[in-house]
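Read the figures in this text as sums done on the coordinates, not as results from a lab. A quick note: this is a predicted structure, and the numbers were derived from the prediction, not measured. Reconstructed Cβ throughout: ideal geometry from the backbone, glycine too, with neighbour counts over all protein chains shown.
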Amino acid sequence: MLVFKFGGASVKDAEGIANLAKIVSNYQGNKLLIVVSAMGKITNALEKLTKAYYNRDSDVDKIYESIKAYHYNILHELFNDGSAIFDDVANTFVEIDWMLEDEPQDSYDFIYDQLVSIGELLSTKIVNAYLNKTGIKSQWLDVRGYVHTDNTYREGIVDWVKTKQSIQQDIPAMLSKGIVVTQGFLGGTSENFTTTLGREGSDYTASIFASCLQADSVTAWKDVPGILNADPKLFQDTIKFDELSYTEAIEMTYYGASVIHPKTIKPLQNAGIPLCVKSFNAPEAVGTIIKDTDKRSFEKAIIIVKQNQVLLSISAKDYSFINENHLSDIYRLFAKNHIKVNVVQTSALSLSVCFDYTDDRFNPLLQELKQSYNTKYNSNLSLITLRHYEYPLLSSLTQGKNVLLEQLSRNTAQIVIEDFRTE
Ligand code: ASP
C-alpha cells in the first residue's frame, strides 16, 4: 500500500492536476491513498481573507472573489460546463459565504481553521473529480472524520488512538475499491469542528495515514528533485542527497528545512516506513529516500536558512540574575502564546531567544513580558543553521555581516545575522 502527498505547487493549475493524474495512472495496480494540499498559494490567500474578515477590513470581498476566480478558472480548463463538480465546488464556497455574512464572534485561531481549511476541501474535490473523469477510479474522503485532534486551533494535536481506530476501520475496504483522495493539513475535533495541523502540515497527514495503515512507503511529490543540501533559490552549486537517515531528516526539519514538515518523520521512523521525496516534473528520477541508514558522511554541509526571525532579549526589571523561576515564568508565556523557540542563549542577566516573527503571536507575548521584564528585540533577521559545518564555510557566510548570536556544537553551527542575502 502506498501513500502519495501532492503539495500546493503540484496542483497549482490545470496542467499540474493533469500531471498528477498521469503520475497516479502509472500506479493503478497499487492500493494508493493520495493526500493533497490546497492549490498553489491558496492557503496564503485564505490567511489574508481570514485576517481581513477578522479585522473587518474593506477588502474581504475582493480577496474572496479572487480565491473563487482562481478555482473556477482551473475548473473551466479541466471540465465541461454542467459537470457535477461545479455544484460541488459552489456548495463548498457556500460554507464561506455563510461565515462571512456574520460578524466575527470566535477566536482568531478558530476562525482561521474554519476558513483556511476550504483550500484543501476544494483541491481534493477537484482532483478526485478529475481522476474519475480520466478513468481512474477514485473516492473522496473527508479527512476530518479520520484525523482526530484536540481543539488547539491552528496546531491541532492528533489523538493517535482514535485516529488509528478510524483509519484502520474504514480505509482498507475503500482502498480495495480504488484510489482514495483526501485532504492534507486538516483534522476534526470531537465536536466536529475543523482544525489545522500547522502550516505545511500535509506531509504530516501523509505520515499519519501511512503509519496507521502500515504503508510500504510514502512519496512526497515536490517541485525539487529531492532533498538538497541548501535552498537552490539562495545558494549555487547545491547537491541532492540520494538517501538520508531518519535522524538527519529530523534534525534538518527541526532546524527549519522547509522541504518536509517537522512532525512527518517520527511516525514513519517508528513504523520503519521509507519516505521518498521526488520531483513531480521528473517522476522517473530517483529523488531522495529517507530511511534507516547509517550514512554519516556528507559531501557538503547542509545549510538551512530561516528568514523573518526575531531575536528577543529578556532581563529582570531589578537587574537580578536570570534564574530558574524567571526561566519557567518566561517559558510559560512562550507556551501560552504558541512561540516555538529556535535558538536560546542565557547570560547572567538576560535570556535571548530567536523565533519566527508573526505579529499575531509576537505582540501579545511582548505585552505580557513587559509587565515583569525589560525587553529588547531586533526583527527581520535570518537564522542560519549549518549541519556538518566547516569553518571556511561558516566564515564565508558571516563575513561582513552583523552577527547577533552564534552557537557551535560538534555537528551544528547556528548564527543569527542581519541582512542575509546571497547575490
Ligand atoms: N496548504 C497548507 C499550507 O500551505 C498545508 C500544506 O500545503 O502542507 O501550509
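Points worth noting:
- Ordering 8-15, 118-125, 216-223 by mean Cβ neighbour count within 10 Å, with the highest value first, yields 118-125, 216-223, 8-15.
- Counting only residues at least eight positions apart within a chain, or on another chain, the lysines with an alpha carbon under 16 Å from that of LYS133 are LYS22, LYS125.
- Part-to-part distance (alpha-carbon centres) for segment 364-423 and segment 194-264, which is given in Å: 24
- Whole-Hz couplings from phi, Karplus 6.51/-1.76/1.60, listed for segment 26-35; x for Gly and Pro: 6, 10, 5, x, 9, 6, 9, 10, 10, 9
- Potential lengthening of the chain between GLU15 and ALA348 amounts to 114.1 nm, from the contour at 0.36 nm per residue minus the alpha-carbon distance.
- All lysines inside 16 Å of LYS233 as judged from Cα atoms, apart from same-chain residues fewer than 8 positions distant: LYS222, LYS306
- Sparsely packed loop sites in segment 33-123 (the trypsin sites (Lys or Arg not before Pro) outside DSSP H, G, I, E and B with at most 15 other Cβ atoms within 10 Å) comprise LYS41, ARG56.
- With helices as the sole contributors, the chain gives -12000 deg cm²/dmol at 222 nm; each DSSP H run of n ≥ 4 counts as -39500 (n - 2.57), and the sum is divided by every residue.
- Between segment 1-68 and segment 301-329, the Cα center-to-center distance that results, in Å: 36
- The chain: translational diffusion in µm²/s, Stokes-Einstein, Kirkwood Rh over Cα pairs, 10 °C, 1.306 mPa s: 69
- Average Cα contact separation per residue, segment 325-423, under 8 Å, 6 or more apart, as relative contact order %: 21
- Principal axes of segment 157-212: Cα extent on each, largest first, Å: 31, 23, 19
- Look at GLU299, GLU248 and count the other Cβ atoms within 10 Å of each Cβ; fewest to most, that gives GLU299, GLU248.
- About the Cα centre, charge dipole magnitude for the chain (Lys/Arg +1, Asp/Glu -1 at Cβ), debye: 1020
- Hydrodynamic estimate: the Kirkwood radius of segment 300-392 over Cα pairs, inserted into Stokes-Einstein at 4 °C and 1.567 mPa s, corresponds to D of 91 µm²/s.
- By other beta-carbon atoms within 10 Å, ranking TRP160, TRP140 with the fewest at the front produces TRP160, TRP140.
- Förster radius 25 Å - calculated FRET efficiency between TYR391 and SER217, Cβ distance, rounded to 0.05: 0.05
- Rg/Rh ratio calculated on Cα atoms of segment 5-92 (Kirkwood radius): 1.05
- At full extension, GLU65 and ASP102 could sit 11.6 nm farther apart than now, given 0.36 nm per residue minus the alpha carbon distance.
- Among LEU244, LEU351, sorting on how many other beta-carbon atoms sit within 10 Å of each Cβ, with the fewest leading, yields LEU351, LEU244.
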